1. Against the condition in contact with a strand residue (DSSP E or B) (Cβ under 6 Å, 6 or more places away or on another chain) and either free of Cβ contacts under 8 Å to residues at least 24 places away in the same chain or in a strand (DSSP E or B) (or both), how does residue 97 come out, does it pass?
2. For residue 84, are the conditions met, namely being closer than 17 Å to residue 188 by Cβ and either loosely packed, with under 15 Cβ neighbours inside 10 Å or touching a strand residue (DSSP E or B) at 6+ places or on another chain (Cβ under 8 Å) (or both)?
3. Where residues in region 21-50 are touching a residue at least 60 places away in the same chain (Cβ under 8 Å) and in a loop (DSSP other than H, G, I, E, B), which of them is nearest to residue 162 (Cα to Cα)?
4. So which residues in region 118-139 are under 19 Å from residue 238 (Cβ atoms), assigned to a loop (DSSP other than H, G, I, E, B) and touching a strand residue (DSSP E or B) at 6+ places or on another chain (Cβ under 7 Å)?
5. When the residues of region 197-227 are narrowed to those that are surrounded by fewer than 15 Cβ atoms within 10 Å (Cβ to Cβ) and without any contact (Cβ under 8 Å) to a residue 60 or more places away in the chain, which ends up nearest to residue 17 (Cα to Cα)?
6. Could you identify the single residue in 6, 79 that is under 21 Å from residue 127 (Cβ atoms), surrounded by fewer than 19 Cβ atoms within 10 Å (Cβ to Cβ) and touching a residue at least 24 places away in the same chain (Cβ under 8 Å)?
7. Pick from 132, 114: which is closer than 18 Å to residue 42 by Cα, surrounded by 22 or more Cβ atoms within 10 Å (Cβ to Cβ), modelled with pLDDT of 95 or more and in contact with a helix residue (DSSP H, G or I) (Cβ under 6 Å, 6 or more places away or on another chain)?
8. Looking at residue 91, is it out of contact with any helix residue (DSSP H, G or I) (no Cβ under 8 Å at 6 or more places or on another chain) and crowded, with 17+ Cβ neighbours inside 10 Å?
């Protein structure tokens with residue numbers, strides 16, 4: 001399986017990442033990446049940029065060094081009702097949005113509360129996926145989350161970085177992949193790169209997807225055309241809102 005789209009990357013704007021947009025884009029083709037989503041953290045995370053940063057991404061070219069640049073964000077889930085730290089007026093101007101749990105922004109609670117928040121987030125038409133949902137610190141009812149993703153035509157992320165820094169994520173990621181295969185839910189693959197050298201690094205993700213035998217048609221990152229088609233679908237979803 002070859003991955004050519006990286007849907008989860010961070011630049012120096014996130015406050016704890018170490019490369020510029022140009023550095024990320026220059027490195028991406030060296031790892032076979034044709035499209036890259038900029039998903040810097042929302043403002044509730046310490047060190048992250050102010051809201052206007054996300055609107056002003058319009059100044060970034062849509063292509064850099066031959067790489068299609070998708071203007072996005074990784075919004076922070078800030079309560080167990082599924083609210084995030086980017087208001088609708090900002091979300092509506094982005095091309096792609098992840099949402100995620102971070103203990104700096106929301107203290108871990110029960111699996112039931114985590115699951116309720118994740119389900120409410122997936123109902124938000126502007127949000128495409130929960131980032132690193134395998135994190136056991138925020139244990140989810142995995143089947144309920146996958147079923148919600150199917151109902152709302154949303155995506156499930158398998159995060160390469162989680163295998164290294166979120167101890168215990170692998171079993172949950174495997175279960176997500178297995179249930180996505182069962183329910184026909186589409187998967188996205190994020191490197192979660194915080195430095196340019198990690199853009200397009202998917203060794204853990206590819207190994208897992210191949211072991212579970214997830215059909216390639218369910219993995220959006222294997223084709224630029226497939227991902228562009230999703231972005232058009234997303235735009236239509238938002239128009240119908």
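The values are calculated or read from the model by the stated rules, or taken from the named source; none is laboratory data. Computed from a predicted model, the values in this text were never measured in an experiment. Cβ sites come from the backbone with ideal geometry, for glycine too, and all protein chains shown count toward neighbours.
1. Criteria met by residue 97.
2. In short, no.
3. The residue in question is 39.
4. 126, 127, 128, listed by residue number.
5. Going through the qualifying residues, I end up with 203.
6. 79 is the lone residue from the list that is under 21 Å from residue 127 (Cβ atoms), surrounded by fewer than 19 Cβ atoms within 10 Å (Cβ to Cβ) and touching a residue at least 24 places away in the same chain (Cβ under 8 Å).
7. Exactly one residue qualifies, and that residue is 132.
8. yes
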